[in-house]
Amino acid sequence: SDVGGAEDLETTLDCLRRLEWASEQRLQWRKDGGSLESIGPYELPDMQVKARPSADEADGWAVGIVARERYAASRIVTELMLAANEAIAMCGEANGIPMPYRCQEMDGVSDEEIEATPEGPCRAWLAIRSTTKSQISPTPRPHAGLGLDLYVQATSPVRRYADLALHHQLKAHLRGDELPFPDGIEGEDKVKRASAILRLAQDGGEISRQLERPANDYWLREFLRRRGGNPTEVLVLSSDRWKEDRYKLLLQELGAIVTYASNRPLAIGSQIDMPSSALAEFV
C-alpha cells in the first residue's frame, strides 16, 4: 500500500507540474496580447477581512485583516479559469448564444513611462490605471486588461448568480432546448433591448460592488483605528494625476490601497511607516 501511495503522489505531482507549465504558457500568451501583466507582472495583493463576534472586544467584534498570499496554485487556477471563460465566450459567439460579454479598454502606456516607474507594485498599479472600467456587452469585444479578444464570466456560479444563469443558458443550447435567456425585443431602447442575462450581469456586478466596498472600507478603518499610533508600513504607488497632494498608498501587510493627502511630496516607490490611526482617516 505504501508503494501505491507513493505512485499516486508522484502522479499527482506530475499533473500539477504540467498544469503549472500550462498556466505559465497561457500567461505569456496573454502578455503577448497586451494584458496588464505585460506592463507590470507583479500581482497586487487582495485584502482579506475576517470579522467575528468576540466577548473580549468592547464593541463585541474582533477584526483581522491580512494580505491574501498568492502561490503557484493561485496562478494555475486563475489562468485555467480565464481559459475556460474564453472558451465559453468563443462558443457563444460561434453559435449565436446571447451572453453577457465582458470588455475593457486600455490607454497606451509608453516605454518611457514604464521605465520611469519602479518595478513591482508601482508598475502593476500603473497598468491598472491604464484601464477603463469594464463593460457588459451583448456582442463580443476585446478585454484588453486580460489580453483576450472575447471573454465572459462563468467560473464562479457559487458566488455570482449571473454565472449560474450563463450555465443554464449554455446547457440549454447543448441540449437543444429553448434558451432561458433569449435575445431582447428589437426596436426598443438599448437597455430594454438587452437580454435578461445581460441585465443580470450588469445589475449583479453593480450591487455586489455597492455592498462589498463599504463593508471592506468600514472594517479596514476600524482595524487601523484600533491599532492607534502603532505604525503601518506603506508603499507609495503613485501620485494623483489631477491633485498634487494626493497619493495612492499600498498597505502591504493588509493588501489594501488608500488615497492619502500629504502636505509634502512623496517619492513613488518609497516605503514609509505611518501611524495607523492617521491612515484610518483616509479610508
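The values are calculated or read from the model by the stated rules, or taken from the named source; none is laboratory data. Note that the structure is predicted; figures quoted are calculated from it, not measured. All Cβ positions, glycine included, derive from the backbone under ideal geometry; neighbour counts span all protein chains shown. Each accessible area value is taken on the protein alone, full model and side chains, heavy atoms only, with ligands, DNA and RNA left out. Shrake-Rupley method; radii C 1.70, N 1.55, O 1.52, S 1.80 Å.
Secondary-structure-derived ellipticity at 222 nm for the chain, considering helices only, amounts to -14500 deg cm²/dmol, per-run term -39500 (n - 2.57) for DSSP H runs with n ≥ 4. The heavy atoms of E119 offer some 140 square angstrom of accessible surface to a 1.4 angstrom probe.
Applying 1/(1 + (r/R0)^6) with R0 = 41 Å to the Cβ-Cβ distance of E178 and E43, what FRET efficiency is obtained, to the nearest 0.05?
On the way: r = 42 Å, r/R0 = 1.03.
The calculated FRET efficiency here is 0.45.
Quick check: at a probe of 1.4 Å, how many percent of the accessible area of the chain sits on carbon and sulfur atoms?
Numbers: 8780 of 16900 Å².
Answer for the chain is 52 percent, counting heavy atoms of protein chains only.
Starting from the Cα-Cα distance between K171 and A51, subtract it from 0.36 nm times their residue separation and give me the gain in nm to one decimal. Each step should come with its number before you reach the end.
Values: separation 120, 0.36 × 120 = 43.20 nm, distance 3.83 nm.
That pair, K171 and A51, stretches by 39.4 nm at full extension.
Calculate, for R227 and T259, the FRET efficiency according to 1/(1 + (r/R0)^6) with r their C-beta to C-beta distance and R0 22 Å; round to the nearest 0.05. For R0 = 22 Å, the calculated efficiency reads 0.70. Translational diffusion coefficient of the chain (Stokes-Einstein, Kirkwood radius from Cα pairs, 25 °C, 0.890 mPa s): 112 µm²/s. Helix 161-175 and the longest principal axis of the Cα set of the chain meet at an angle near 20°.
On a full-extension model of 0.36 nm per residue, what is the gain between E281 and D245, subtracting their alpha-carbon distance, rounded to one decimal in nm?
On the way: separation 36, 0.36 × 36 = 12.96 nm, distance 1.57 nm.
Extra length available between E281 and D245 comes to 11.4 nm.
The modelled label-to-label distance between E69 and E113, using points 7 Å beyond Cα along the C-beta direction, is 3.5 nm.
Where only protein heavy atoms count, and the probe is 1.4 Å, what is the accessible area per residue for the chain in Å²? Mind dumping the intermediate values first?
Details: 16900 Å² over 283 residues.
On a per-residue basis, the chain sits at 60 Å².
Going by alpha carbons, how many degrees (0 to 90, nearest 10) lie between the helix axis of 196-227 and the longest principal axis of the chain? Tilt relative to the chain: about 20 degrees.
Placing pseudo-labels 7 Å out from each Cα toward the beta carbon at C91 and D203 gives an inter-label distance of 2.6 nm.
Net charge within 12 Å of L237 by Cβ-Cβ distance, Lys/Arg positive one each and Asp/Glu negative one each, not counting L237 itself? Present the calculation step by step, with values, prior to reporting the outcome.
Numbers: positive: R123, R129, R246, K248; negative: D240.
Local charge sum for L237: +3.
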